[in-house]
Amino acid sequence: MPRASDDPLAGLPRNFQRPCLLLLIGEKPSHGYDLLDRLRDLGFKQADPGLLYRSLRAMEQEGLVKSDWEVSELGPPRRRYELSDEGKDWLHAWAGSLRETERMLDRFLHRYALFTRTNLRIK
């Protein structure tokens, strides 16, 4: 019998972490470990630091984010990421696409609820 995935993020769009990072950086320019913590608040319980930093580097090369070094009195300098204008455009595009996905999922779940109610009454 098929069972639901143990990974609650398995049904999300590919690369869903990217729009999440754009949103988090847009809310507040941040360094990597701060973003890692804030990703957990969005449901990424086992966020991979290596994947996070690769994504940030790729997004910087694509012009979606900018970074600079932030000097800290408590430790070594840290790279601080900020959303670029192009990153804002991509964030808005992702949000529009996710809204359409949400509408489709709502239709599916509504019909699934009707299906389960109908099948429970028949048995």
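Every read-out reported here was derived from the displayed coordinates using simple, explicitly stated rules and does not represent laboratory data. Owing to the predicted nature of the structure, the values given are computational and were not obtained by experimental measurement. Positions of Cβ are generated from backbone atoms using ideal geometry, with glycine treated the same way; all protein chains shown enter the neighbour counts.
Place +1 on the Cβ of every Lys and Arg and -1 on the Cβ of every Asp and Glu in the stretch 17-122, take the dipole about the Cα centre, and give the residue among GLY50, VAL71, TYR81 whose Cα lies farthest towards its positive end. After comparing all options, I get GLY50.
Can you give me the Kirkwood hydrodynamic radius for the stretch 9-73, using every pair of distinct Cα atoms, in Å to one decimal? Before the final figure, lay out the partial values.
Values: mean 1/r = 0.0808 Å⁻¹.
Its Kirkwood hydrodynamic radius stands at 12.4 Å.
Lysine pair count for the chain (Cα-Cα distance under 23 Å; residues 8 or more apart in sequence or on different chains): 4.
Contact order, relative form, for the chain: 24 percent (alpha carbon pairs under 8 Å, 6 or more residues apart, mean separation divided by residue count). Residues TYR112, TYR53, ranked from the fewest to the most other C-beta atoms within 10 Å, line up as TYR112, TYR53. Once C-alpha pairs closer than 8 Å and six or more residues apart are averaged by separation and normalised to the residue number of the stretch 52-123, the relative contact order reads 20 percent. If I take all pairs of Cα atoms in the chain, what percentage of them are more than 26 Å from each other? The proportion of pairs with Cα distances above 26 Å equals 36 percent. Only helices enter this figure: runs of n ≥ 4 DSSP H residues, each worth -39500 (n - 2.57), summed and divided by the residues of the chain, yield -20000 deg cm²/dmol at 222 nm to the nearest 500.
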